[in-house]
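Everything below concerns the one structure shown next.
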Amino acid sequence: MNKKISAAVASAALVLGSASANAGIIIPAGEWTLDVNGNVNVYATFQNYDDTIATTVTYGLAGKEDAAGEDSNSSINTGLLPAWLGFTGTTRQNDLDVSFTISMQPNVSENAAAGDDVTPKWRQAFLTFGDKSWGTVKMGKDLGIFAGQAILNDMTLLGVGAGYGNSGAKTTLGGIGTGYIYPAWKGQISYTTPNFNGFTATVGLMNPNQGALNSTYYQDRFGLEAQLQYAFDAGKIWVSGASYKSQVSTTKEVDREAIDIGVNFNMGNLGVTAYYYDGDASGQIAYGLYGNTAAGVERESDGGYVQATYVIPSGTKLGVAYGVSNLDLANGETNNSLVEENKRITVGAYHPLTKHLNLVAEYNRMESNAHGGEKNESDNLSLGAILFF
């Protein structure tokens with residue numbers, strides 16, 4: 001893969017993941033080394049909706065006309081990644097590698113009249129300690145383990161993917177809900193093994209993040225997430241899983257479980273990624289969201305994406321991806337408007353104007369289908385740039 005594109009993707013992994021060897025702005029500070037890193041990305045996005053507001057696909061992502069019959073929408077905002085400012089400090093003390101990471105995510109646009117009402121997000125606040133001889137412990141808020149590699153290998157991480165709602169929205173969805181479940185940002189206590197000839201394993205106790213599901217009940221155990229990965233010269237293969245338990249009513253508890261498998265392979269200028277997940281009560285957008293009926297009856301879901309990229313002589317990376325997320329009806333459910341599948345086709349071009357600055361153009365076609373046959377379709381075109389530091 002082109003070195004400039006590789007650097008940009010590595011920077012995206014740094015922004016979305018834990019402390020890494022990929023450096024931003026390095027500042028020596030006594031016993032510490034401070035790494036200031038992040039990105040600014042801005043896209044002009046144009047959306048068009050094919051279907052009237054009367055068509056109903058519950059939880060569909062494709063969208064439809066607004067109440068006034070307007071079938072197009074324009075926005076200037078960030079893409080899948082928010083703008084980002086991160087601080088990572090590292091040191092070696094008492095035979096331990098110790099680090100902290102804190103980051104904030106301001107927006108580059110919003111829909112308020114004054115344009116200054118949005119509060120920045122705070123997606124990372126964690127510490128790590130360990131040694132290459134026995135592994136690393138992470139404690140705090142960071143990207144989830146399950147489906148983490150799915151988003152980190154999504155080419156729309158450098159762009160937009162599935163588009164906005166109203167103008168001034170915070171971020172887009174990329175391939176979330178059309179190929180993988182959002183790994184989300186979770187308080188965690190996790191352990192990653194040393195690298196054994198390419199093999200690493202990670203296991204973590206996770207905060208349940210149940211607010212979107214039902215925040216009125218206590219959760220009697222932590223979430224569990226784990227991953228096994230094998231990295232080789234030309235790519236990597238991984239499997240990961242998650243298990244949560246949710247109290248959804250006074251009498252009903254739901255077990256939410258999911259597993260995935262993925263491969264990323266690079267040969268010369270060609271890159272290929274294939275990914276698949278399967279879950280019970282795990283939903284298809286955020287983990288567990290829409291994964292059960294109001295009565296607590298579980299819905300099954302699955303999906304995945306395939307993606308191919310190629311770097312042409314100019315250094316521009318061209319890519320095409322297809323992703324789909326399926327949601328089954330629960331036993332006995334007759335909800336014909338419930339989304340059966342959200343699917344997306346993305347065609348993108350990512351050009352490294354400099355070592356740190358990439359120009360991006362993407363076209364996305366979205367389709368949402370309900371179990372009863374209703375359909376919503378939309379298109380979005382985005383043009384913009386992403387700068388990593």
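Quick rundown of the values:
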read-out: Residue range of the chain that is longest and free of GluC sites (Glu not before Pro) which are both DSSP loop and sparsely packed (at most 13 other C-beta within 10 Å); value: 71-389
read-out: Estimated FRET transfer efficiency when R0 is 45 angstrom, pair Ile27-Ile345 (beta carbons, to 0.05); value: 0.55
read-out: Listed residue (Gly204, Tyr244, His351) projecting farthest to the positive dipole end of segment 3-388, Cβ model; value: His351
read-out: Cβ-Cβ FRET estimate between Trp134 and Thr52, R0 fixed at 51 Å, reported to 0.05; value: 0.25
read-out: Cβ-defined net charge surrounding Leu228, 14 Å radius [Lys, Arg +1; Asp, Glu -1]; value: -1
read-out: The chain, relative contact order in percent, only Cα pairs under 8 angstrom and at least six apart counted; value: 18 percent
read-out: Average Cα contact separation per residue, segment 293-389, under 8 Å, 6 or more apart, as relative contact order %; value: 22 percent
read-out: Two-site FRET efficiency, Phe232 against Ala295, from Cβ-Cβ distance with R₀ of 51 Å, rounded to 0.05; value: 0.60
read-out: Where labels lie 7 Å past Cα in the beta-carbon direction, separation of Lys252 and Leu205 in nm; value: 3.0 nm
read-out: Stretchable slack from Ser72 to Ala112, in nm (0.36 nm times residue separation minus alpha-carbon distance); value: 12.4 nm
read-out: For Asp71, Asp117, order by how many other beta-carbon atoms lie within 10 Å, fewest first; value: Asp117, Asp71
read-out: Contour minus Cα-Cα distance for Asp220 and Ile189 (0.36 nm per residue); value: 9.5 nm
read-out: Most fluctuating residue given options Asp328, Asp260, Asp66, as computed from a GNM of the chain linking Cα atoms under 10 Å; value: Asp66
read-out: Order of Met104, Met366, Met206 under a 10 Å beta carbon neighbour criterion, fewest first; value: Met104, Met206, Met366
read-out: Hits among lysines - C-alpha to C-alpha of Lys186 under 20 Å, sequence gap 8 or more where chains match; value: Lys121, Lys138, Lys141, Lys170, Lys245
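FYI, it's all coordinate maths here, none of it is from the lab. Note that the coordinates shown come from a computational prediction; the quantities given were computed from them, not determined experimentally. Every residue, glycine as well, gets a Cβ built from its backbone with ideal geometry; the counts of neighbours run over all protein chains shown.
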